[in-house]
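The values are calculated or read from the model by the stated rules, or taken from the named source; none is laboratory data. Since we're looking at a predicted model, the values are computed, not measured. With ideal geometry, Cβ positions are generated from the backbone for all residues, glycine too; neighbour counts draw on all protein chains shown. Heavy atoms of the whole protein, side chains included, go into the accessibility calculation; ligands, DNA and RNA do not. Shrake-Rupley method; radii C 1.70, N 1.55, O 1.52, S 1.80 Å.
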Amino acid sequence: MIVKTYDDDDFRVHTLPLIAMGVVIAITLALAISTRFGIFERQANPDIARAEAGAVQSDIRTLTFHDAPDGSIWVADGATGQELARYGINEGGFVRSTARAVITPRLQRGIGPETPFELVEWSNGSMTLRDPETGRGIELASFGDLNHSVYVDILKEGRQP
């Protein structure tokens, strides 16, 4: 016989793991809903955290991101058009991913590249890549010191010390 049939006694599912999974799902949903309705405070709002810490904007630079025909990308100053950094194929993964993260919402809304992005340095050392068109921002320090330093170099490139 090609097809094997099973009796009810041959196929058993233990109920304890199913109950445990259900409890975990229920707790997760309860926490998410309670945060949404204000029972628990939201903890990860960088604007509020900076305001409470007294951090102010210490530097800002506008940026544009460009794709080159050879597969490289380059970052330019939004005001002058000066090239600040260029990354070849298989280079600049963090810059590529953050650029995609801010460009994609613009494309979804039909917004063009006319308005440059803002790279903001705060007095506490953190940095934000912000899109003034969509209001979206990426906290660059949250990706580690090495990735953060890439944007520090872009911010300082071509400026007097």
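Structure data summary
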quantity: Max mean-square fluctuation residue, GNM over the chain, Cα-Cα springs under 10 Å, options GLY38, GLY81, GLY137; calculated: GLY38
quantity: Trypsin sites (Lys or Arg not before Pro) within region 17-50, DSSP loop, no more than 13 other Cβ atoms inside 10 Å; calculated: ARG42
quantity: Gyration tensor verdict on region 60-161 (Cα atoms; rounded if a/c is under 1.5, prolate if a/b is larger than b/c, oblate otherwise); calculated: rounded
quantity: Calculated FRET efficiency for the pair THR80/SER142, C-beta based, R₀ 35 Å, to 0.05; calculated: 0.75
quantity: Accessible area per residue, Å², the chain with all protein chains present, probe 1.4 Å; calculated: 70
quantity: Of all accessible heavy-atom area on the chain, the percent that carbon and sulfur account for (1.4 Å); calculated: 58
quantity: ALA51 versus ILE103: modelled label distance in nm, points set 7 Å from Cα along the beta carbon direction; calculated: 3.3
